[in-house]
Amino acid sequence: MALSQIMFILLIGVVGFVGFKRYSRLRRNILLGKEPILEKDNSTRWKNVALVAFGQKKMFKNWIPAVLHFFIYAAFVITQIELIEIFIDGIFGQHRFFAPFLGGFYVFIISFIEILSVLALIATVVFLVRRNLLKVPRLKKPEMKGWPTMDANLILIGELLLLTGICCMNGADMVLQDMNDSHYVQTGNFAITGWLGPMLFGGMSAEGLIGVERFGWWLHIIMVLGFIIYLTYSKHLHILLAFPNVFYAKLNSRGEMSNMPEIMNEVKSMMGLIPEEEVSADAELPSFGAKDVFDLDWRMILNAYTCTECGRCTAECPANITGKKLSPRKIMMDIRDRAEEVGTALDSGTVTLDENGVYDDGRSLFDFITKEEIYACTACNACVEACPIMIDPLAPILELRRSDILNESAGPKDWLPMFNSIEQVGAVWQMPDARDAWTNEI
Amino acid sequence: MSVDVRIKKMSEFLAEEKAPEILFWVGCAGSYDARAQKVSKSIAKILTALDIEFAILGEEESCTGDPARRAGNEFLFQMQALQNIEVLNGYGVKKILTACPHCFNTLKNEYPALGGTYDVIHHSQYLQELIDAGRLKVEGGAFKGKKLTYHDSCYLGRVNGVYEAPRKVLEALDSDLVELKRCKTKGLCCGAGGAQMYKEDEPGDKRINTERVEEIVASGAKVVAANCPFCLTMLGDGIKAEEKQEEIMVYDLSELIVQSNNW
């Protein structure tokens, strides 16, 4: 077994081990949330996965970014075929293992990947320019300062390196094939490197070409493997999580806020609609709504990890448009950051969750999200509509309000007259007239 | 032609051992807000003119609890909702007409989980059905050729997916309908939802209704059609703040029908 094979297998082993740990940790962080009540309608769920996740239906509300994004997405999906070959070649010390079996079809597949790679390259460059030179408001909001922007740029640069790898690997191979070295299987010309390869590397020595080919091959696989690990530190998890996120997305009407059966039953018993025994008499006063990640359902935490910080929600938010602090994207980022904080504490091994699955470090989501933000929301659902991968930023905002109002009796003072009036006279305003007084003057 | 309207209550129908075709859920705004009362009256006129037997609950109607729920006050919501469901189920109500997309949404989407399931329809949908069925004929042409625009309310449009019915009603007016830049799924909120109606804004650059009114002014429309009492208030206030109240009128769909037909 050659040294390169041992190195390759070792690399896969290390990435496999670290990856397993990182993704298990991610799963644990998501499951810090409570079990959601999922509507049982799997056919609609799979339909959503096909149309919204695979088909990117909601992206196409805005054509230009949708098409550019589709290039990168398609290149990402199709390149997986080539990766299978890289794995086989790497482990067994082969070179272009599939080529002899597939013949002309092999050239077609690799050419297809190359064309998509060029389109992905164009898209990547446009995205880098858009993010750094153009002033796209949604990419310049306060929550994007620092790491989030750096993160986005690193991913785009990583993509450029990956594409460089493919270009070196295939381009040098094309020239080596022309030299009739028996190790380099005669495949026929690839669509792009068939002419680009000789242009870039023609006239180089065989050793030089082999160097370039090996450099490209290793760069390609190292970028891919590195990316798998990097994802778990990044906002870019949507390439994996968009699929489960869309699958688990709420199916009931957007207009229905989640019911709170514990309060419903309490009120029913107060009204004499059900006997008092049926209401569970918890000695402890229950806590309502969500103050921390443990109180959210895990679907909301999955939403938070899936968010790729594109900011389409924030760009449509009427509060944000008119200069309020609320940004639905920031809400999702904050939930993720709090889950990460709790996760890091758990990783240290010095703390554990109590029997209710909660860990109290004296902090909560309210250390990340201010009340000014949650109370600026008009519940208009523009953010819900805007998200291309069915994230629902409104649900946690309303759960945070419930926590503040029901547990702390806090919230905007202006609401007190409205609450009192509804309670006392059954109308949002306290009026001296009868409710049907308007009927007297038609 | 004026229409002689007499509005009966559910209790009166019950005393006569009869049931109306539809229950008109008036809502807090429709009952108490001077602007929205005009919408309630318009709807009552249309129903009466078409000989549709309808009833209101009168004093037995109470806030649906929508603003309480969206403010986070689930206790108050549950008290309101369960009390209303008692009343509605007590009368055996099947079909409810609302003039407010917030009442509409709560009755339609949130009451079933609490034991209240009804066929709920918003008046823009009902008007469209009546026009399609040939029961409601829009005459006159008071708005013929007038530049008119439509403001999608969040809870009828984006939340419940009703975009076409109100537009079809407007088509019947023969007016020149111009769409706002942000319409349908991208319709901009008037700023009142989520219980914002009852509180001051958080600090910011401007009010949401100002942002919306600027767009309306830019559209060149002289009439804005709306379907929600809170949008009526917000847009009306915004237009006044821009000192355009002499040039741009805000009406509910039902008011446009009543004006066209001279009822």
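The values are calculated or read from the model by the stated rules, or taken from the named source; none is laboratory data. Remember, it's a predicted structure, so these values are computed and weren't measured experimentally. Quick reminder, even Gly has a Cβ in these numbers, built from the backbone with ideal geometry, and neighbours come from all protein chains shown. What goes into the accessible areas is simple: the full protein's heavy atoms, side chains included, and nothing from ligands, DNA or RNA. Shrake-Rupley method; radii C 1.70, N 1.55, O 1.52, S 1.80 Å.
Things worth noting here:
- The alpha-carbon of B:Lys108 sits under 17 angstrom from the alpha-carbons of these lysines, leaving out residues fewer than 8 places away in its chain: B:Lys94, B:Lys95.
- Of the GluC sites (Glu not before Pro) found in the range A:353-442, those that fall in a DSSP loop while having at most 10 other beta-carbon atoms within 10 Å are A:Glu355.
- Given charges at beta-carbon only (K, R positive; D, E negative), |dipole| of the protein assembly as shown in Debye: 1960 debye
- Restricting the calculation to alpha carbons of chain A gives Rg and Dmax of 27.8, 99 angstrom.
- For chain B, alpha-carbon Rg relative to the globular expectation (2.2 N^0.38 Å, N residues): 0.99
- Distance from the range A:76-137 to the range B:6-63 (C-alpha centre basis), Å: 66 Å
- Protein accessible surface hidden between A and B, which excludes ligands and nucleic acids, total in Å², probe 1.4 Å: 5800 Å²
- Solitary cysteines of chain B, where the nearest other Cys Cβ is not under 4.7 Å: B:Cys28, B:Cys63, B:Cys183
- Checking the cross-link pairs A:Lys291/A:Lys325; B:Lys144/B:Lys168; A:Lys413/B:Lys184; A:Lys325/A:Lys413; A:Lys250/A:Lys330 against a 23 Å limit on the alpha carbon distance flags A:Lys413/B:Lys184 as lying beyond it.
- Pair A:Asn42, B:Glu243: separation of 7 Å Cα→Cβ label points (nm): 6.6 nm
- Taking the C-alpha atoms of the range B:70-123, convex hull volume expressed per residue in Å³: 72 Å³
- Highest-fluctuation residue, A:Leu326, A:Leu163, A:Leu406 considered, GNM on chain A with Cα pairs under 10 Å: A:Leu406
- Farthest toward positive dipole pole in the protein assembly as shown [+1 Lys/Arg, -1 Asp/Glu at C-beta], among A:Gln424, B:Thr106, A:Val267: B:Thr106
- Cα gyration tensor of the range A:372-434 - equivalent ellipsoid semi-axes, whole Å, descending: 29, 15, 9
- Sequence of A:Lys141, A:Lys235, B:Lys108 when ordered by accessible area, the most exposed leading, probe 1.4 angstrom: B:Lys108, A:Lys141, A:Lys235
- Note on exposure: A:Arg363, A:Arg130, B:Arg69 ranked by accessible area (1.4 Å probe, complete protein assembly) read A:Arg363, A:Arg130, B:Arg69, with the most exposed listed first.
- Kirkwood Rh in Å, taken over the range A:287-425 so that all alpha-carbon pairs contribute: 16.0 Å
- Which of A:Val18, A:Ala53, A:Ser43, positive extreme of dipole for the range A:16-69 (C-beta unit charges): A:Val18
- If the convex hull is drawn through the Cα atoms of the range B:143-263, its volume per residue in Å³: 107 Å³
- Between A:Gln80 and A:Glu207, full extension at 0.36 nm per residue minus the direct alpha carbon distance yields a gain of 42.8 nm.
- Remark: relative contact order (chain A) = 20 percent; criterion is Cα-Cα distance under 8 angstrom and separation of 6 or more residues.
- Under a model in which nothing but the beta-carbon of Lys, Arg (+1) and Asp, Glu (-1) is charged, the range B:138-260 shows a dipole of about 320 debye around its Cα centre.
- Per-residue [θ]222 nm for chain A (sum of -39500 (n - 2.57) over DSSP H runs n ≥ 4, rounded to 500): -18500 deg cm²/dmol
- Cβ screening of chain A for cysteine pairs under 4.7 Å finds these without a partner: A:Cys167, A:Cys168, A:Cys307, A:Cys310, A:Cys317, A:Cys377, A:Cys387.
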